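Let me begin by presenting the structure, written as structure tokens, before commenting on it.
The values are calculated or read from the model by the stated rules, or taken from the named source; none is laboratory data. What you are looking at is a predicted structure, and each value in this text was computed from that prediction instead of being measured. Using ideal geometry, Cβ is built from the backbone for each residue, glycine included, and neighbour counts are taken over all protein chains shown. Protein only, heavy atoms only, side chains kept; ligands, DNA and RNA dropped before computing areas. Shrake-Rupley method; radii C 1.70, N 1.55, O 1.52, S 1.80 Å.
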Amino acid sequence: MVKLKIANLDGKPEIFHSIQGEGKNMGQPSVFIRTSLCNLHCIWCDTDYTWNWEKTRFTHVKDADPTYTKYKMDDMIISLTLEEIYAEVAKTGCKNIVLTGGEPMMQLQGISALMEYFNTKADDYFFEIETNGTLLPDATFEALIDQYNVSPKLENSNNPKKLREKPEVYQYFATNEKAVFKFVIASENDLTEVLTICKNYQIPNEKVYLMPEGTNPEALKQKQQWLIEVCKKYQFHYTDRLHVHIYGDKRGV
Ligand code: SF4
């Protein structure tokens, strides 16, 4: 029986109805399915409850907080069958599904099975996936998915370059019509890195969305004007973080 590992939010699977806050479909009512597990370990990750398990060596900015402890893996994962996930999603009536994480492509076969299962229930589901751009899909997955939101991680994530930058994966998505790229920008250095990535992998500018870094509206506003000027200069898209303006730094909304 196929099961997917879903993040545990206070004893319930983190599956919630909200709006897409970022990127190409910003503003679209969506159901988010937050899978557990990630193959990267970004130092500022705001979903570290999907990977930062006790007895691992990964560092995180929250390590400076004396009340912060790593997570017990068994406590943070709920394994659900496809039927159970569908039952949660069907309650909302929403057909735009955002597969997020963690890194959902770590459960590629399970997610393919999930999309196939949903398609047996209705033919108008739209599936978008948030991925860090380090893993390639297979042909089955490629045929089922509607949109890839590829979010490559930069040097500021503290992941070694050989882990976060996989040339064959960037090349695959650069020429994939379903893929857009979303970069979180905190500084000029980040922008320089993004320009280098776009040049090296020939990512067309119209596929690129730049998003200010920040987990509260004030932090986003500080970078907004500068980043919009950058987007005008390079013909990139600007994307906000709508959910941060509406809900702040909160889980499950
Ligand atoms: S890739 Fe995403 S989920 Fe994984 S550690 Fe980085 S920010 Fe967190």
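Ranking Asp249, Asp48, Asp63 from most to least accessible surface, computed with a 1.4 Å probe over the protein chains only, gives Asp249, Asp63, Asp48. With the simple model of a label 7 Å out from the Cα in the direction of the Cβ, Phe126 to Thr215 spans 3.0 nm. Solvent exposure of the chain amounts to 48 Å² per residue of accessible area, where only protein heavy atoms count and the probe is 1.4 Å.
In this structure, the amide hydrogen of Asn39, modeled 1.01 Å from its nitrogen in the peptide plane, lies closer than 5 angstrom to those of Glu103, counting only residues at least 5 positions away or on a different chain.
At a Cβ-Cβ separation cutoff of 4.7 angstrom, cysteine residues of the chain with no neighbouring cysteine are Cys38, Cys94, Cys198, Cys231. Can you give the calculated 222 nm mean residue ellipticity of the chain, where each DSSP H run of n ≥ 4 adds -39,500 (n - 2.57) and the sum is split over every residue, rounded to the nearest 500 deg cm²/dmol? Helix-only estimate at 222 nm: -9000 deg cm²/dmol. Is the chain rounded, prolate or oblate when judged by the Cα gyration tensor, a ≥ b ≥ c being the square roots of its eigenvalues, rounded requiring a/c under 1.5 and prolate requiring a/b larger than b/c? It comes out rounded by the Cα gyration axes. What does the charge count near Glu218 come to, summing +1 for each Lys or Arg and -1 for each Asp or Glu among other residues with Cβ under 15 Å from its Cβ? Result for the neighbourhood of Glu218: 0. For the stretch 11-40 versus the stretch 185-253, the spacing of their alpha-carbon centroids is 19 Å.
Using a cut-off of 12 Å between beta-carbons, work out the net charge of the residues near Asn205 (Lys and Arg +1, Asp and Glu -1, Asn205 not included). Taking every other residue near Asn205 into account, the sum is +3. GNM remark for the chain: springs join alpha carbons under 10 Å apart, and the peak mean-square fluctuation among Lys153, Lys182, Lys91 falls on Lys91. In order along the stretch 29-39, phi translates into HN-Hα couplings of x, 8, 9, 9, 10, 9, 7, 8, 6, 8, 9 Hz, rounded to whole numbers, per the Karplus curve 6.51 cos²θ - 1.76 cosθ + 1.60 with θ = phi - 60° and x for Gly and Pro.
Here the label points at Leu195 and Glu54, each 7 Å from Cα along the C-beta direction, are separated by 4.7 nm in the simple model. In sequence order, the stretch 121-137 has phi-based couplings of 8, 7, 9, 10, 6, 10, 10, 10, 10, 9, 9, 7, x, 10, 10, 8, x Hz under the Karplus curve 6.51 cos²θ - 1.76 cosθ + 1.60, θ = phi - 60°, and Gly or Pro positions carry x. With a simple spin-label model that places each label point 7 Å from the Cα along the Cα-to-Cβ direction, the separation between Glu116 and Asp46 comes to 3.5 nm.
Taking a Cβ cut-off of under 14 Å around Gly93, the surrounding Lys, Arg, Asp and Glu residues balance to a net charge of +1, with basic ones at +1 and acidic ones at -1.
For the stretch 160-177, backbone phi angles converted through the Karplus equation (6.51, -1.76, 1.60; θ = phi - 60°) give residue-by-residue couplings of x, 4, 5, 7, 8, 10, 10, x, 5, 6, 4, 5, 4, 6, 4, 10, 8, 5 Hz, Gly and Pro being listed as x.
Legend: residue pairs Lys62/Lys207; Lys55/Lys161; Lys3/Lys161; Lys153/Lys178, Cα-Cα distance threshold 28 Å; pairs beyond threshold, Lys62/Lys207; Lys3/Lys161. The heavy atoms of Met106 present about 80 square angstrom of accessible area, all protein chains included, probe 1.4 Å.
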